[in-house]
1. May I ask for the distance between the Cα centers of region 36-115 and region 1-25, given as a whole number of Å?
2. Short version: ³J(HN,Hα) in whole Hz for each residue of region 90-105, in order, from phi by Karplus 6.51 cos²θ - 1.76 cosθ + 1.60 (θ = phi - 60°), x for Gly and Pro, what are they?
3. At 1.4 Å probe size, with every protein chain present, just tell me what the per residue accessible area of region 59-115 comes to in Å².
4. So how strong a dipole does the chain carry about its Cα centre when Lys and Arg Cβ are +1 and Asp and Glu Cβ are -1, to the nearest 20 debye?
Amino acid sequence: QVQLVESGGGSAQPGGSLRLSCTASGTVMVLRMGWYRQAPGKQREMIAQIQTDETIEYEDSVKDRFTISRDVTNKNTVHLQMNSLGPEDTAVYYCSARRFSTTYWGQGTQVTVSS
């Protein structure tokens, strides 16, 4: 059973930065991992994803502002550096990991951007 533990998040002012981290345990396989977010009243959306071959994709609204990366010491730890935050980035952020046909989810961490 893969378990995901998220850290980071919190509050930031518009234009500020935050960093989220997520560690997957319970497997030695390098996983496809990603970050989703869900704003109030909206569907959960993928915002950044890193494949096992290190291919990365971003949702258009975060491209050039957010960066997903794997930790150099633990390939199943991913970071999401979020810069130039705006109120539209306010949401609960979820880490995801996929092993074979199963997707695992973190518990979610709140990100609030306001002045």
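1. 8
2. 5, 4, 8, 9, 10, 8, 10, 9, 10, 10, 6, 9, 10, 9, 10, 10
3. For region 59-115, the per-residue accessible area is 49 Å².
4. Values: 11 positive and 11 negative charges, 58 e Å.
That gives the chain a dipole magnitude of about 280 debye.
The values are calculated or read from the model by the stated rules, or taken from the named source; none is laboratory data. What you see is a predicted model, and the numbers here were worked out from it, not measured in a lab. Positions of Cβ are generated from backbone atoms using ideal geometry, with glycine treated the same way; all protein chains shown enter the neighbour counts. Keep in mind that these areas ignore ligands, DNA and RNA; they rest on the heavy atoms of the full protein, side chains included. Shrake-Rupley method; radii C 1.70, N 1.55, O 1.52, S 1.80 Å.
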